[in-house]
Amino acid sequence: MTAGLRVLGVAGPKKAIKASSSSTTSTGKSARYYPADDVPRPKHSRAKKHNPPRVRPSLVPGTVCILLSGRFRGKRVVCLKSLESGLLLVTGPYKVNGVPLRRVNQAYVIGTSTRIDVSGVDVSYIDDSYFARSSSEVEGGEEEFFEKDAARAAIVSDKRRADQKKVDASILKVVDATPLMKNYLGSKFSLGKYDKPHKMVF
Amino acid sequence: MGFSRYVEVGRVVFINHGPDAGKIATVIDIVDQNKCLVDGPEEITGVKRQVISYKKVSLTDLKVTIQRNARAKTLKAAWAESDTLAKWEGSSWAKKLEAKKKRSSLSDFDRFKVMVAKKQKSRIIAQKIKELKA
């Protein structure tokens with residue numbers, strides 16, 4: 001009996017009732033089993049369903065973007081795609097301006113009208129989990145705690161290094177085809193004294 | 001030095017305010033001290049016959065020979081005869097306006113290309129000056 005009870009519990013209250021009712025219709029008797037305890041049902045929730053994030057139409061793969069915040073602010077980078085989280089996957093390319101494969105918030109980006117053909121760049125294997133940190137990377141020991149202020153060199157895995165190289169190589173092929181494009185990506189964006197950003201066309 | 005541009009019948013004016021801003025028109029008649037009657041001609045410059053305040057126009061060097069209150073047809077013929085539109089477009093005023101318009105429509109990459117071209121130009125000039133001085 002207990003075993004049967006557990007099975008019913010696992011299957012969920014709805015299923016249990018359904019199963020018992022179907023048996024009653026066939027025999028004309030009420031169900032022999034009736035749960036003595038209230039089975040907790042999840043409350044009806046009106047929690048919002050997450051819609052897929054909206055990415056600005058100007059930020060299609062291949063768009064040259066200007067980063068506006070973070071340590072790479074002012075850099076012109078190539079947008080490769082938008083990820084499930086709504087963040088954009090961008091890269092300098094690293095070889096040109098030092099910006100690695102990186103996720104950025106589209107709110108802190110200016111999308112320009114300049115496009116680069118990135119159809120030959122394979123970034124299908126890169127998603128949000130690609131950027132997840134391993135726990136060993138985050139946690140530090142006691143020594144780590146006391147030496148927190150000391151500057152640590154970033155540890156870049158060999159896999160990341162190889163991926164970056166691959167992506168850079170395929171983008172550079174396209175970039176080199178357009179005159180001045182490499183210099184453009186290598187230069188930083190800034191506003192002069194008479195520049196009015198709200199009146200500028202990007 | 002006296003004035004060289006007058007508000008007079010046949011004077012070509014540049015409209016710098018209102019819906020017709022950026023277009024040119026011809027003074028057809030003078031209404032009073034504050035306003036005049038202008039006409040594009042509409043087929044050439046896109047300005048309809050209307051009364052406009054002097055405050056909204058700037059006088060140009062150009063003038064067409066027409067009679068007071070000339071008809072649209074006569075005005076158009078006068079413009080065609082003196083080739084006024086070409087004269088306007090050839091003026092440095094119109095060229096500057098055109099350049100300004102083009103500048104404002106440049107993309108970020110275009111601006112970068114302009115910057116590079118400017119640097120190259122000044123480098124050539126500096127080199128030439130150096131040669132001349134030596």
Taking A:I171, A:I116 and counting other C-beta atoms within 10 Å, the order from fewest to most: A:I116, A:I171
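Can you give the FRET efficiency for B:I125 and A:K49, using 1/(1 + (r/R0)^6), R0 = 51 Å, r = Cβ-Cβ distance, to the nearest 0.05? Intermediate results must be reported in sequence, preceding the final value.
On the way: r = 64 Å, r/R0 = 1.25.
Calculated value: 0.20.
Give me the Å³ per residue figure for the convex hull around the C-alpha atoms of the protein assembly as shown.
Working: hull volume 143.1 nm³, N = 336.
It comes to 426 Å³ per residue, whole-number rounded.
Computed FRET efficiency, Cβ-Cβ of B:N16 and A:V156, R0 45 Å: what is it to the nearest 0.05? Could the numbers behind the result be given before it?
Details: r = 58 Å, r/R0 = 1.30.
Efficiency, from the Cβ-Cβ distance: 0.15.
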Among B:I24, B:I52, B:I124, residue whose mean-square fluctuation peaks in a GNM of chain B (springs only between Cα atoms under 10 Å): B:I124
J(HN,Hα) series, segment A:173-178, from Karplus relation 6.51 cos²θ - 1.76 cosθ + 1.60, nearest Hz, glycine and proline x: 4, 6, 4, 5, 5, 9
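Taking the inverse of the average 1/r across all pairs of different Cα atoms in chain B, what Kirkwood radius in Å do you get?
Numbers: mean 1/r = 0.0581 Å⁻¹.
After inverting the mean inverse Cα-Cα distance, the result is 17.2 Å.
Values in this text are rule-based calculations from the coordinates and carry no lab data. Just so it is clear, the structure is predicted and the values come from calculations on it, not from any experiment. Because the Cβ atoms are built from the backbone with ideal geometry, glycine has one as well, and the counts that use them run over all protein chains shown.
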